[in-house]
Amino acid sequence: PSLRRMWLKLAVIAAIFIGFARGASLATAEARLTNCTVADGFQALSCLMRLSDFGTKIDELDMEDKSQIAEFKDSCDSLSNCFASLNCDAPDPAAKNAIVSIRNYCDAVIYVANDFAECSEKLELKNSTCFDDWTPFPEEIDLVTDPKKKEKINQEACENFFGKDNCLEKEIKEICGDQDWYGFRDHFISISNLVLKCDFSHML
């Protein structure tokens, strides 16, 4: 199917949810250490409930349905605004970082569905092995508890984030052009830190 059934691995959402769950300790046991109120705590929990609904929307999202993409964008905006409206400082910076993460994730999904759709179809028509086999976020990384194994998986995932030997850059540039590659690269680098710890400075 077109758009590769949406390659943004949904494990990313789990990473975002963990970040918010940590930050949502606002107005609970740690609230006495901040200027948070009980109302802020309820607001944070309300945002978490929206986040759950957001995950469901992603699970059911048809990347080829423009009306669904528009609704998804509205959901993104609503979720970002919910967390941004909290009136106190979270004891955990993960809460603040997660607001940026959700925005980056939303932007990436919308970019793939709209601006990159034509290029995606061209890559699929070419039956690009690099594109077909691309899995930027290894599912097993969240299951591994051994730090050394986790670091090894992270390192390999970073080295192959854009395919073996960075093959996606070559494929996208040749088939779609430089601008499509730059847009694709920038959007996926912006969400890579949700799951991985990579240094992409050499690519920018």
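The values are calculated or read from the model by the stated rules, or taken from the named source; none is laboratory data. Here the structure is a predicted model, which is why all the values come from computation and not from measurement. Here the Cβ positions follow ideal geometry from the backbone for every residue, glycine too, while neighbour counts run over all protein chains shown. When the accessible area is computed, the model is the full protein with side chains, heavy atoms only, and any ligands, DNA or RNA have been set aside. Shrake-Rupley method; radii C 1.70, N 1.55, O 1.52, S 1.80 Å.
For this structure, a couple of remarks:
- Look at (1) over 30 Å from L48 (Cα atoms); (2) open to solvent by 30 Å² or more (accessible area, probe 1.4 Å); (3) of a type in the set (A, V, I, L, M, F, W, C) and you find that F200 fails only one, number (2).
- Test for E118: is it part of a helix (DSSP H, G or I) and open to solvent by 60 Å² or more (accessible area, probe 1.4 Å): yes
- Within the range 172-196, the set of residues being part of a helix (DSSP H, G or I) and open to solvent by less than 20 Å² (accessible area, probe 1.4 Å) comprises I172, W181, G183, F184, F188, I191, S192.
- Taking (1) in contact with a helix residue (DSSP H, G or I) (Cβ under 7 Å, 6 or more places away or on another chain); (2) modelled with pLDDT under 80 in turn, D107 satisfies each apart from (2).
- Identity of the residue in the range 157-173, among the acidic types (D, E) and farther than 13 Å from F131 by Cβ, that ends up nearest to the chain's Cα centre (by Cα): E159
- Hits in the range 155-167 (condition: over 18 Å from D199 (Cβ atoms) and surrounded by 14 or more Cβ atoms within 10 Å (Cβ to Cβ)): C167
- Top-ranked residue of the range 121-148 - restricted to ones that are outside any helix (DSSP H, G or I) and among the β-branched types (V, I, T), ranked as surrounded by the most Cβ atoms within 10 Å (Cβ to Cβ): V144
- Meets criteria (in contact with a helix residue (DSSP H, G or I) (Cβ under 6 Å, 6 or more places away or on another chain) and modelled with pLDDT of 85 or more) for K122: yes
- Taking first residues from the range 183-204 that are closer than 17 Å to F116 by Cβ and partners that are of a type in the set (G, A, S), the Cβ contacts under 7 Å between residues at least 6 apart in sequence or on separate chains come to H187/A108; F188/A108; S190/A108; I191/A108.
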